[in-house]
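The values are calculated or read from the model by the stated rules, or taken from the named source; none is laboratory data. Bear in mind that the values here come from a model prediction, so they are computed numbers and not experimental data. Cβ: placed from backbone, ideal geometry, glycine included. Neighbour counts: every protein chain shown. For the accessible areas, the whole protein counts, side chains as well, though only heavy atoms, and no ligand, DNA or RNA atoms are used. Shrake-Rupley method; radii C 1.70, N 1.55, O 1.52, S 1.80 Å.
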Amino acid sequence: MNKIAPNMMANNLDPYIPTHPGEVLKDEIEYRGISQKKLAEMMGVAYTLLNEVLNAKRPVNTEFALLIEAILDLPAEPLLAMQSRYNVITTKRNRKFMDKLNNIVKKTAIY
């Protein structure tokens, strides 16, 4: 029987294009009919900050996620987990960083 490599199992595959939590939030506020300007006011943040998060140009941090939780009743933890997964996937695809990481692994394997 052929054994399937863990990195080839559906639950372990990285998406071709990782989902930034801002994309999910953008869909949610559009569905609810809330304007970005109004949401930014409610959150007490600059419109540009909100817009950059919703357009995946800025990460969702803990404070932002907690503001979203308070206003939209969406739990903060899944948003932060999604951001973390997005960060890991995009960092692993950064060839320069991965070369650096591999060199460190090689050096520490000597010890």
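How large is Rg over Rh for the range 28-111, taking Rg from the Cα atoms and Rh as the Kirkwood inverse mean of 1/r across Cα pairs?
1.18
For the chain, report the accessible area per residue in Å² (1.4 Å probe, heavy atoms, rounded to an integer).
75 Å²
Please list Tyr47, Tyr16, Tyr86 in order of solvent-accessible area, largest first, computed with a 1.4 Å probe with all protein chains present.
Largest accessible area first, the list is Tyr16, Tyr47, Tyr86.
Please compute the modelled spin-label separation between Leu74 and Lys38, points set 7 Å along Cα→Cβ, answer in nm with one decimal.
Taking the two extended label points, one gets 1.6 nm.
Taking a cut-off of 23 Å between Cα atoms, list the lysines near Lys37, but don't count ones fewer than 8 places away on the same chain.
Lys26, Lys57
So if each residue of separation counts as 0.36 nm, and I subtract the Cα-Cα distance between Thr91 and Glu52, what length gain in nm does that give?
Full extension from Thr91 to Glu52 adds 12.1 nm.
Given R₀ = 35 Å, what would the calculated FRET efficiency be for Asn61 paired with Lys100, taking r from the Cβ atoms and rounding to 0.05?
0.90
Going from most exposed to least, what order do Phe64, Phe97 have by accessible area with a 1.4 Å probe?
Phe97, Phe64
Students sometimes get this wrong: rank Thr48, Thr90 by accessible area, probe 1.4 Å, all chains present, largest first.
Thr48, Thr90
Which aspartates and glutamates, if any, have their Cα less than 13 Å from the Cα of Lys38, not counting same-chain residues under 8 positions apart?
List returned: Glu30.
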